[in-house]
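Below you'll find the structure, written out as structure tokens, and then a few comments.
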Amino acid sequence: MKKIIVHLGLPKTATTTLQHHLFQNLHEQGKINYLGKIIDFDPNTGQPTFRNNKGGVIRAACEGKLAGDSSDELDHLLDEQLVNVYSDEGIMVCYPFEENISLSEKILNLKEFLKDYDVTILVSLRNQVDYFYSLYIQFFSQYFKFNKDYNSFEKYSELYLKNKKDMLFESFDYSNVLVNLFENFNTKVIIFEDLKHDSAQYYDDLSKLFSVELTEIKDLMEDKHENSKNNSKTGTYTSFSLASFLPRIKEICSKNQKLYDLSKRIFNAEILNLKFLFNRKINAFDKHHKKPSANELARLEKHLLFPESFTASRYNLCKDKLVKYGYMQKNITEPEE
């Protein structure tokens, strides 16, 4: 039976670093069959270019976007002898103001699509509040900058606290995420903070999973960082581009099909080069986002951190380490199985 590892990396958990420096290099060395994805971003415009996304059909299946049976398409991509690997951070999140389905539906779709293979899910987690803040920063320029309900982290936090069950916030409920994954797949969890504070454990986890020497994993990943943010002591900066206007333009034009089709043709016309203009970063309009205040942090931790009922050992996680990295309150004791 063909073996496939699907890496579901939450955004801001070194997913891009793993894709560029580990998976793609192991693929080029003939040690794994990497199906993508690899995206290169132009440093001036931010324009993305797919270098490897052969396994994009897997994400399409998760999101229910396949027009017909695509199982043969995937099967032809898989290698009988090597472990096949697909990595995508977009599967785990809900994109604001776009068509989405719930994460639980995506997981069931993935299970059905890969039912004929030996599947392991690799999921990477990060401290919940850090992830919550970082994902907001990542989404800000494209989705939130010109939306009065979301244009500050404080507003976003309040919306979460009032609507925690909204699909937009589904990936923050780690307890539910892990239950869904472990009930449906053989699942391995790696912790983002280990990369900085216990890299030996992080590399060892990957070494065992991919059957690659630990020293080689270390050589490929050590001191490699992709997609780093412009941070300061008090917060983070986000760059501005005209792409921030695209969701609003799309919303307006979609009300009239002819207008929508015309605007799409104009935007995609190579002679006008609008994609370049819209994606070009305008540093003069960078925005600074303050880190959560102590009060804000306490409120978010109350709702985001693992509850007292969470049993770390059930997911092969170390409770002491989760406490150390701030995933759990320090007074939480491990409940018996």
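The values are calculated or read from the model by the stated rules, or taken from the named source; none is laboratory data. What you see is a predicted model; the values in this text were computed from it and never measured. Positions of Cβ are generated from backbone atoms using ideal geometry, with glycine treated the same way; all protein chains shown enter the neighbour counts.
Taking the range 61-99 as the range and being among the hydrophobic types (A, V, I, L, M, F, W, C) and over 18 Å from Gln19 (Cβ atoms) as the test, the residues that pass are Ala61, Leu66, Ala67, Leu74, Leu78, Cys94, Phe97. Taken over the range 204-225, the criterion of being surrounded by 15 or more Cβ atoms within 10 Å (Cβ to Cβ) and either in a helix (DSSP H, G or I) or hydroxyl-bearing (Ser, Thr, Tyr) (or both) is satisfied by Asp204, Asp205, Leu206, Ser207, Leu209, Phe210, Glu216, Ile217, Lys218, Leu220, Met221. Quick one: count up the residues across the range 1-31 that are assigned to a helix (DSSP H, G or I) and closer than 29 Å to Tyr174 by Cα. Final tally of qualifying residues: 10.
In summary, Leu74 fulfils each of the numbered conditions (1) more than 30 Å from Lys321 (Cβ to Cβ); (2) out of contact with any helix residue (DSSP H, G or I) (no Cβ under 6 Å at 6 or more places or on another chain); (3) crowded, with 18+ Cβ neighbours inside 10 Å with the single exception of condition (2). Can you pull out every residue in the range 133-152 that is more than 18 Å from Glu98 (Cα to Cα) and part of a loop (DSSP other than H, G, I, E, B)? Within the range 133-152, Ser152 is the sole residue that qualifies. Return yes or no: is Ile107 in contact with a Cys (Cβ under 6 Å, 6 or more places away or on another chain), modelled with pLDDT of 90 or more and in a helix (DSSP H, G or I)? So Ile107 does not fit the description; no. Hey, does the range 30-50 have a residue that's over 15 Å from the mean Cα position of the chain (by Cα), among the aromatic types (Phe, Trp, Tyr) and under 30 Å from Tyr160 (Cβ atoms)? Looking for residues that are over 15 Å from the mean Cα position of the chain (by Cα), among the aromatic types (Phe, Trp, Tyr) and under 30 Å from Tyr160 (Cβ atoms), one finds at least one in the range 30-50, hence yes. Every listed requirement among (1) outside any strand (DSSP E or B); (2) modelled with pLDDT under 70 is met by Lys264 save one, (2). For the range 26-56, a tally of residues being at pLDDT 95 or above and surrounded by 16 or more Cβ atoms within 10 Å (Cβ to Cβ) returns 7.
Only a single item in (1) surrounded by 14 or more Cβ atoms within 10 Å (Cβ to Cβ); (2) modelled with pLDDT of 95 or more is not met by Gly90, and it is number (2). Just to be sure before I move on: is Lys155 surrounded by fewer than 18 Cβ atoms within 10 Å (Cβ to Cβ) and assigned to a loop (DSSP other than H, G, I, E, B) in the structure I sent? No; evaluated as a whole, the condition is false for this residue. Scan the range 299-319 for residues that are exposed (fewer than 11 other Cβ atoms within 10 Å of the Cβ) and part of a helix (DSSP H, G or I) and the total you get is 1. Restricting Phe113, Phe140, Phe146 to residues that are aromatic (Phe, Trp, Tyr) and loosely packed, with under 15 Cβ neighbours inside 10 Å narrows the list to Phe146.
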